[in-house]
């Protein structure tokens, strides 16, 4: 943080104490309960197993890594198991369990703990782990082809709304997509459930809606400009969980009002570049991680505007 009297430009969160941290993590877990229950309703044992193994792996990874680094365990704050839950929600129910486990290990062990621990990580741990496994897939294909079973193929070929949109096939109705639809990752099951969770976090004053609103507006404008259906883009893929839960992360998002606008705008543009020009790539995870890298630059560029900015509710 900068010297007294100057605007602080260090990364959030500015957590008051352990009680506040534990309460915040618990509230995020509560906010993810609706989408978790919808996923379990649709996918049953597959969803339960995926969520359980990712959360258990996250807890174990944190204990082991912190032990190796000579640090005290910090499972009490709930951040590790929360990362595990997020990783699980980013996977399809038919995904190979070892991929989800490795994504969790990378997310917690590398993106979180080796970066200094909670509050010091540059990248969202869950997204970092998931994207790492996407990028490592060719390596597994080259050195362990037998591991790529039918279940692995289903990760790509499952008929999610976004995949249907990209292929030009008949899409589900808006109502089906909004309330609940089987296909894609667990987090894609119900935008309504994700919005309910985000509303709870807003009520508890844990998130600000500036970033997701700018992301949504940018996606709508670009979709209209390119002759595509904006509602399908809003309701499909990982946009909802990405905008409402990942891009509002206390640690990896800008701290200034103007910075959040720039952050959200760039994420929205990148998402549509991936979706429109690089199909069938989803792009939400990549877009958020790319912008995570630029957060210090954005904060530095906008810090002088902070005293002119309105107070964000």
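Each reported figure results from applying straightforward, stated rules to the coordinates on display, with no laboratory input. Owing to the predicted nature of the structure, the values given are computational and were not obtained by experimental measurement. Positions of Cβ are generated from backbone atoms using ideal geometry, with glycine treated the same way; all protein chains shown enter the neighbour counts.
Some observations on this one:
- Full extension of the chain between residue 179 and residue 69 yields a length gain of 35.1 nm, computed as 0.36 nm times the residue separation minus the alpha carbon distance.
- Rg ratio (alpha-carbon, reference 2.2 N^0.38 Å) - segment 18-300: 0.95
- Subtracting the Cα-Cα distance of residue 293 and residue 22 from their residue separation scaled by 0.36 nm leaves 94.9 nm.
- Between segment 77-128 and segment 167-222, the alpha-carbon centres lie 21 Å apart.
- Label-to-label distance for residue 97 and residue 76 is 3.2 nm, based on points extended 7 Å past Cα in the beta-carbon direction.
- Using R0 = 41 Å, the C-beta based FRET efficiency linking residue 52 and residue 224 works out to 0.45.
- Between residue 301 and residue 277, the FRET efficiency from the beta-carbon distance, with R0 = 45 Å, is close to 0.95.
- Burial ordering of 134, 222, 106, fewest other beta-carbon atoms within 10 Å first: 134, 222, 106
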